[in-house]
Amino acid sequence: MSRNAESTAFRSALEVVRGVEPRVADAIAAELADQRESLKLIASENYASPATLLAMGNWFSDKYAEGTVGRRFYAGCQNVDTVEALAAEHARELFGASHAYVQPHSGIDANLVAFWAILADRVESPALRKAQARQVNDLTEADWFALRRELGNQRMLGMSLDAGGHLTHGFRPNISGKMFDQRSYGTDPATGLIDYDRVAEAAREFKPLILVAGYSAYPRKVNFRIMREIADSVGATFMVDMAHFAGLVAGKVFTGDFDPVPHAHIVTTTTHKSLRGPRGGMVLCGPELADQVDRGCPMVLGGPLPHVMAAKAVALAEARRPDFADYAQRIVDNAQALADGLLRRGATLVTGGTDNHLVLIDVSGYGLTGRQAEQALLDSGIVTNRNSVPQDPNGAWYTSGIRIGTPALTTRGLGAAEMDATAELIHTVLSQTTPGTGPDGAPSKAKYVLDPAVAESVGKQAADLLTPFPLYPSVDLG
Ligand SMILES: *Cc1c(COP(=O)(O)O)cnc(C)c1O
């Protein structure tokens, strides 16, 4: 692919947009400039390829395609069928799954599809069977009442939010916590690691319909073989949400007991995090759940986004190439280099390190809240996000942690030496920042003091670190 073609494509697209609403074209161009300049350590973000991005900007966006391949509620979906089938085929081959559903618009949507599929499959409800046999008109008020009561009283056991789980794994204020009677498992306070015996004990006591594994902020591998044994011992459906680490599964860094696909009944993911595709979601499962999963749209989801499915097909094709396995390994090598660099400089890390793509710094060691640390780093040109640590004394808003991840910087090409330099910059900012006080002189969890000269100097060094690794080198907007 010539660099010229990519530059021409993006330039032309912007020119066309500029002809209608120049402010949008300017914002798109400004976003590229900002992304190019920032040292992006947000563990959930990445940079999709030009081919993936370009596959989204077209008339596939105009097409309605409710239903699935070959079973549409709309006519004229033959080309949508082509891209949806291709994306699903690439996903099945890449992950070794027997079924792939590529319509979910995001990771959360993929989880909702999975929850609904599991409920529909597992809950013995004559009213639900009737509804699904399209005999909705035969249902009485009493049937509907029974249906709501039966579906609304199921149990889910998932990882707690402060241990690194996700909102959709049953966190009370999230819809998953309202759909399900939820209980969570945490991590061992001494080691920060999942204690499988405790998970088994919780499962025995609680007898969940669904056992969920997966995380957004746990810096270690999870043994999915053991989790499946726990699920089997209590008759639970085992669901894994690999939203964060799908790229490491795709790149065969997580294999055997650490590859969720052979062990879980159902796997959900995003496509835009370490997998490096377009913003979206996906569900993988065996034949037992496939029919229910395919009812995702229109039972749970809005109309599919065919232009995004086209981009998923492109990104998944990229992830099947040998160089993606290389990329995945470098993500983990970089995270470990970053962790080592921080530890050597005296930082406290949750679990003492990492074996995936992310590192969780406990910034209470620097006397800061997560919010203070996040803002001080941002002032210094380093983009991270604050995150709870296990048993966080500062709650989910201020927090005591900073989550950093390497998928994005690894895409740019940064390696171990730059990770060590990044650790130095982070440590410099955090050790030079002090908590501020509120208007009444009381200690503040948000305010902080950082010498602007330090922020400026670190910002300059962060920019220098990126110079040899241009983002989208093939794209010159002129
Ligand atoms: C990011 C994430 C999601 C949500 O993905 P969206 O695309 O933002 O909806 C779900 N589960 C986990 C574990 C995640 O990390």
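For a paramagnetic label modelled at 7 Å from the Cα of TYR64 toward its Cβ, which residues of the range 71-96 fall within the zone defined by backbone nitrogen distances under 19 Å?
Correct set: 71-81.
Could you let me know the centre-to-centre spacing of the range 292-329 and the range 72-93, using Cα atoms, in angstrom?
11
When a/c is below 1.5 the answer is rounded, else prolate if a/b is larger than b/c, else oblate, so apply that to the range 59-319 with a ≥ b ≥ c taken from the square roots of the Cα gyration tensor eigenvalues.
oblate
Could you list SER380, SER457, SER49 in order of exposure, starting from the residue whose Cβ has the fewest other Cβ atoms within 10 Å?
Ordered by Cβ neighbours within 10 Å, fewest first: SER457, SER49, SER380.
Which of the peptides 462-468, 397-403 is most tightly packed, and how do the rest follow, judged by the mean count of other Cβ atoms within 10 Å per residue?
397-403, 462-468
For a quick check: with amide H placed at 1.01 Å from N, whose amide H comes under 5 Å from HIS99's, ignoring anything fewer than 5 positions away on the same chain?
It is CYS285, by chain and number.
Would you mind counting up the charge near PRO126? Only other residues with Cβ under 12 Å from its Cβ, with Lys and Arg at +1 and Asp and Glu at -1.
-2
Shape verdict for the chain, please, from the Cα gyration tensor: rounded (a/c under 1.5), prolate (a/b greater than b/c) or oblate.
oblate
What nm value, rounded to one decimal, do you get for the distance between GLN135 and GLU205 when each label is placed 7 Å out toward the C-beta?
Roughly 4.2 nm, to one decimal.
GLU37 label point, 7 Å along Cα→Cβ, cut-off 13 Å on backbone N: hits in the range 373-417?
Answer for the range 373-417: 379-382.
As a quick test, which of the pairs LYS207/LYS312; LYS252/LYS273; LYS130/LYS178; LYS40/LYS312; LYS178/LYS312 have an alpha carbon distance above 26 angstrom in this structure?
The pairs that break the limit, which is 26 Å between Cα atoms, are LYS207/LYS312; LYS178/LYS312.
Just grab the label-to-label distance for ARG321 and ALA30, each label 7 Å out from Cα along the Cβ direction, in nm (one decimal).
For ARG321 paired with ALA30, the spin-label model returns 3.3 nm.
Kindly work out what percent of the DSSP beta bridges joining two residues of the chain are antiparallel, to the nearest 5.
So the antiparallel bridges in the chain amount to around 60 percent.
Sort the following peptides by mean Cβ neighbour count (other Cβ atoms within 10 Å, averaged over residues), highest first: 221-227, 333-339.
In descending order of packing, they fall as 333-339, 221-227.
Once every DSSP H run of n ≥ 4 in the chain is given -39500 (n - 2.57) and the sum is divided by its residues, what mean residue ellipticity at 222 nm do you get, rounded to the nearest 500 deg cm²/dmol?
Helix-only estimate at 222 nm: -14000 deg cm²/dmol.
Based on the Cβ-Cβ distance from ARG198 to ASP355, what FRET efficiency comes out when R0 is 22 Å, to the nearest 0.05?
0.60
Taking neighbour counts of Cβ atoms within 10 Å as a proxy for exposure, in what order, fewest first, do LYS130, LYS178 appear?
Exposure proxy ranking, most exposed first: LYS178, LYS130.
Mind running the shape call on the range 236-327? Use the C-alpha gyration tensor, a ≥ b ≥ c as the square roots of the eigenvalues: rounded below 1.5 for a/c, prolate if a/b tops b/c, oblate otherwise.
The shape class here is oblate.
For ARG276, ARG148, ARG72, what's the fewest-to-most ordering of other Cβ within 10 Å of each Cβ?
ARG148, ARG72, ARG276
Which helices, counted as full DSSP H runs in the chain, have an axial Cα extent of no less than 30 Å and a Kyte-Doolittle average of -1.0 or above?
322-344
Coordinate-derived values only; no laboratory data. Since this is a predicted model, take the numbers as computed values, not measurements. Glycine gets a Cβ as well: all are built from the backbone with ideal geometry, and neighbour counts include every protein chain shown.
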